[in-house]
Structure formats: C-alpha cells, structure tokens
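The values are calculated or read from the model by the stated rules, or taken from the named source; none is laboratory data. This is a predicted model, so every value here is computed, not measured. For neighbour counting, all protein chains shown are included, and Cβ atoms are generated from backbone atoms with ideal geometry for every residue, glycine included. The area values use the complete protein model at the heavy-atom level, side chains included, leaving out ligands, DNA and RNA. Shrake-Rupley method; radii C 1.70, N 1.55, O 1.52, S 1.80 Å.
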Amino acid sequence: MHSNGNVLPLQFNIEKEMVSVEGLSVEFSAKPLFTDASFVVNDRDRIALVGKNGAGKSTLLKILCGMQQPTRGTVSIPSDTTIGYLPQVMILQDDTTVREEAQKAFSHVHEMKERIDHMNQELAERTDYESEEYLALVERFTQEHDRYMMMGADNCEAEIERTLMGLGFLRTDFERPTSEFSGGWRMRIELAKILLQKPDVLLLDEPTNHLDIESIQWLEQFLAQSAKAVVLVSHDRAFINNVSNRTLEISCGRIIDYKVKYDEYVVLRKERREQQLRAYENQQKEVADMKDFIERFRYKATKAVQVQQKIKQLEKIVPIEVDEVDNAAMHLKFPPCLRSGDYPIICEDVRKDYGAHTVFDHVTLTIKRGEKVAFVGKNGEGKSTLVKCIMNEIPFDGNLKIGHNIQIGYFAQNQAQLLDESLTVFQTIDYVAKGDIRLKINDILGAFMFGGEASDKKVKVLSGGERSRLAMIRLLLEPVNLLILDEPTNHLDMPSKDVLKEAIKAFDGTAIIVSHDREFLDGLVTKVYEFGGGKVKEHLGGIYDFLQSRQIDDLSELQRTQNNLSTPSSPSTQNIPNTPKINYAEHKEQQKRLRKAERAVEESERKINDMERRLKELDELLMNPVNASNMEYVTEYTTVKKALDEEVERWEKLSEELEQLT
C-alpha cells in the first residue's frame, strides 16, 4: 500500500491521479470490512480488485463512485474526472430500441458542444490576452475541446455500432425494442453505454457474467487500448489477468497494493503468506515462552522484576495477522459410478426449429466415454438448446442416441429452483452425502461459500445465486457417469471454481460443459464444439487451441444465422409417391385418412410449441430471486414438463402413422 502524499498540480504530475483514497474505513453493525485504507488510482491503471466473497469489493466500488459513504476517510476525485460504474444488478429501461438506448450515452455531447462554441465566441471577442482570466478560459476551452474530440463526438453512430457488435449484437438487433431481450443482453446494452461515454475511471463489477467468449475477448482489447483507468471485480481469472497491471487485495480488513497483474500477484501473495506464517509461528513461540516464564516465577520474590518486565512486554506485543486463505486446495471427488457404454452421446443430423427460426440443423457428433468437451459460441446459438435435446426436455428432428447404462447429472439454473425449501443448507447436502464424504460436509460447504452460520440457513431464504451453488454441491455428491453442466461457474468465486474444476478433472465419467469461462475450461476439456450460424463445428484440442484456430480459420459463415433454410413442408397429396392405380373410392378414403393424420400432427405440434413457450416463461420467472420460493411456479413447471413429455411421445406416434400413409 502506498501513501498519497500531497496532491501536486496536474502539470507537474507524471501520472494523472484519477482517484485518491485516504484513511478509508467501512463498518457494518460495528464490524469492520476494512480499515485505514489509502491508495491512488492513476491514469492507465488496470486494477484487479480481489478478495474472498463478502470482503467488501462491491462496497468499495460503490464508495469510489459516490453511491455509498464510508464510515471514515475521504475519496478525492478532481472535478474534471468522470466515473463510469457497472454494478452486478441494475434497474433497466424497456421503452426504447437498442440503438436509441445506446445513443443516450451521448446525451451530454450536445451540451458540451454548446459550451465549447460559447467559449470559442468569448475568446474571439475578448482582447485581454495577457490576463489570468483569459489564460484560464484558454485552459478550459482546450480541456473541453480535447475531451470532446476524444469522445469521438463527430462519429457517434459508428462508435455505437462498433461497440454493440463487439458485445455480441447483430445489426438486425439495433432497431429491436430492448424489452425483447433477456436481462443478460440488456446488461450488455448498459455496458455499451458506459464504454461509449469514455469515462476517466471505469468501475466494473463482474462485467463478464453475461458475456460469451468472443465478447469477453473484445472487452479485453477495448480496455487495453481505449480505456483510461479501470478498477474491476471479476471471477474470470483469465480476463482479470489479461486486463490487469495492478492488484488490490482486501484481506484481514486491510487493502494491500500489489503493483503487478493478477497471475504475478498470486505468486507474491503466496510468498507473503509464507513469511507471515513463519513470523506468526515465531511470535507464538515467543509468547508461549513469556507466559511459561511468568507462570513459573510468578510467586518468587527474587524474579518479581523480571516477571513484571515479561508481563509488560506481553501486553505490548501486536499479534501478527496471517492473510485469509481460501479452500482452493480442498479436493473433492465424485462418488464411484457405473461404467457407461463406449459412446454416451451420438447425434445424427439433429435439427431444432422454433417456428420459422432454425436454431441448428445437421448436427452430427459423437462423444466418447471419458471425454470432457465444451460447448461454446455466442449466446442464442443453441448450446443450451442442444443440451435440452440431450435431456429429452424438448422435441427435435434427427437421431440422438443416449448410450448404455448412462446416468446423467444435469446442472442448469432451473435445477436450483427445485430444491426442498423446508431444509437447511446442511440438511440438503447431508441428505445426498454417502460414506466418508459426510465427515467433510462442513468443509465442502465452506469451499462453496456456505461456511459458518450460512450452513444453517433455510433454502427458502437463499438468493438465486446461493441456490445455484447449493444445487452444484448436490450434483457433486451424486453417483453419475455423464455430467452436463450449463454455465456452472456463473455464481462461483475462484476458489469454488477450482474445487469444481479439480473434481471434474478427476471424474472418470463423461462431461459436457457449456461455458464462456476460458480459465475454467483450460486444461479441463479436450474437445470443443463451436455453435454458430445454425451449425456445430468440432475442434480437437483444448480451449486455447480452439481460440488460436478461431483467429486463423475463417468462420464467418458460421456466424451468420442461416435464415434461408427452408423448413420441410407437411406431406400433402402433391408429394404422394407414384403408386399403382386404385379406384376412386379407395383414393378418396386414403386422402381422408391423410388429412386427418396431418391435422393430428399439426395440433400436436401446436400444443408442444405452446408448452415449450410456457416452460421458457416459467424458466425466466424462476430465475428471478423474487420468485425463488414461489411453489405455484415450481408446481406448474413440473406439471407442464410432464405434459410436454407425454405430448412429444404422442407426436412421435402420430408422425410415424403419417409417414406410413405417405
């Protein structure tokens, strides 16, 4: 940690100070988060703000942007310094298009242009060129004009398009109402607005939570090339390492400043903690020796002076604190499971349509026993949809075979809503834990941020993120041989992700992982399936092999949605194959049966589409923490899901009957 000293005039500074923090302390209910913190945020700083969950990272960001006041201390920000803040959760507007919402980032540009024109006019009219007032006006005009030019104010529309497309939007999305987009995509719009404003200091709280791999890479490049100062909180280790050049750690109620990027900080922190441990052990030995001396000679008159000296020395000793350590070193193994067939998943020409929109078609892939594979690609390209096909949650076209003896462990967000709300966190895990692992339940809960009193919480009071973590722990303790994990790391911190990653690496079954977290996938998967443009392309090798090839190979064709694919029309009398001549009565009867079969298939498809649409609505409702304990939604979800499964079976039989008639 370094001291501010006196803030010098800007013209003498080598680095411009954007934010100066002095003696900062924050307490909640008399319990300190951190005390007496002092640091400076300079131009071109890329600061990773790290610490365990609950250490105060998000609180510090809110203090830096003025949304929250500290208990003590000051935050000094020059009057001409602008702050851009992206929280984890925000209230989003739904009354504009994507483009109109992004244009709000430039609402102040016209005001700035008017101020510049007014100052320019004043400079032209005044003749007191040597006066302090005139020189101050020149300085203000220069600063405002430079800021105006740096904002790219004359090129707003191009900036908007470049930023929105960098964050994953298509040109065809620009005129769509924001209300048509999910919460994750609307958060991207808010991020785009903040980046377009080009603030002097960017405060980003988990900016990658709603981004895919390509958007994360674009954001990395943007922050490296275009941003001024950045302070970010993220559980994406690769992202913060690629962006950061400095690391602030909140630990033991203090803020420690490491002038290095994240990976180097990890090494330095380990060395620092080892030194602390040695010093702590030496101090404990010294304290023990003093106490032993005091007890041994307390009642001997000849040693009274020495005893009093030892007591005074003992009182003056300041206990050495050892930095908090996480549970990343904890190891967790899946319980033994049945040996599955050689090919757990075989897809042959699998296709899925939603109305006129083809999500993907001609998907042909084989996943062998023991393989760990990743599904990657932009959001909305069909990763989760194929998972639902594998789980037989939705109907599809083509052949999809599940291998012999397959026991699937499936993690998706809605799984978290189906936990028993009457149980505590501990009871939920104790119920599924078997054998020796039951002795480690508290350690496991601690590794996934349910340490201490949190294990006694009832499931019904947990947030959506907490429920997701609890559902993940349950899955880790179930004997399965095929893991399907849909965005498993969204609500996990780095230590929790490490525990999960090591467990999957040691897992002797097969795993399919849908994720945008490169660090999590690195060293874990040996094959990558890329979803895009209605196709699925196989890449052999790890995630970084895929990324390297992605930069070399021209995959532009895969990025364009293939809307020109025509959907097969329903059989009709015009495409009945040539058959031997039959009499009129028989032909009429055959046409009657055919039309009846067509109507039955169409009616079944209509019911399936209605139920799929309702399941999607319920999924979105249950993802909202407000509805987490709404049993009416959970019950309806279960009922509709069962009805959908039955209707899909009926549709398959009707389709076979129709095929025989044609």
Item to complete: Report the full-extension gain for the segment Thr635 to Arg593: residue separation times 0.36 nm, less the Cα-Cα distance, to one decimal in nm.
Response: 11.3 nm
Discussion item. Students often forget the sequence filter, so: which aspartates and glutamates lie under 16 Å Cα-Cα from Lys592 once same-chain residues fewer than 8 apart are removed?
Written reply: Glu602, Glu657, Glu659
Worksheet entry | Whole-number accessible area per residue in Å² for the stretch 424-543, which is evaluated in the context of all protein chains at 1.4 Å | 34 Å²
Practice prompt. Take peptides 285-292, 643-650 and line them up by average Cβ neighbours within 10 Å, highest first, as a rough protection proxy.
Written response: 643-650, 285-292
Practice prompt. Determine the share of the stretch 157-253's accessible area contributed by carbon and sulfur atoms, expressed in whole percent, with a 1.4 angstrom probe.
Written response: 48 percent
Worksheet, complete the sentence: Pairs over 21 Å Cα to Cα, from Lys57/Lys501; Lys527/Lys616; Lys401/Lys607; Lys16/Lys228; Lys368/Lys527, come to Lys57/Lys501; Lys527/Lys616; Lys401/Lys607
Practice prompt. Mind checking which lysines have their Cα closer than 18 Å to the Cα of Lys312? Skip sequence neighbours fewer than 8 apart in that chain.
Written response: Lys285, Lys291, Lys300, Lys303
Practice prompt. Please calculate how many Å² of accessible area the stretch 105-231 carries per residue, with a 1.4 Å probe and no DNA, RNA or ligand atoms counted.
Written response: 48 Å²
Item to complete: May I have the extent of the alpha carbons of the stretch 176-253 along their three principal axes, as whole Å values ordered from largest to smallest?
Response: 45, 25, 24
Worksheet entry | Other-chain or far-sequence residues with amide H under 5 Å of Arg44's (modelled H) | Ala229
Fill in: Inter-probe distance in nm under a simple model that places probes 7 Å from Cα toward Cβ, at Ala124 and Asn442
7.8 nm
Item to complete: Can you tell me how much longer the chain between Lys460 and Glu114 gets when fully stretched, taken as 0.36 nm per residue apart minus their C-alpha distance, in nm with one decimal?
Response: 119.1 nm
Fill in: Estimated vicinal HN-Hα couplings, Hz - the stretch 71-87 in sequence order (Karplus 6.51, -1.76, 1.60; Gly, Pro = x)
5, 9, x, 10, 10, 9, 10, x, 4, 8, 9, 9, 10, x, 10, 10, x
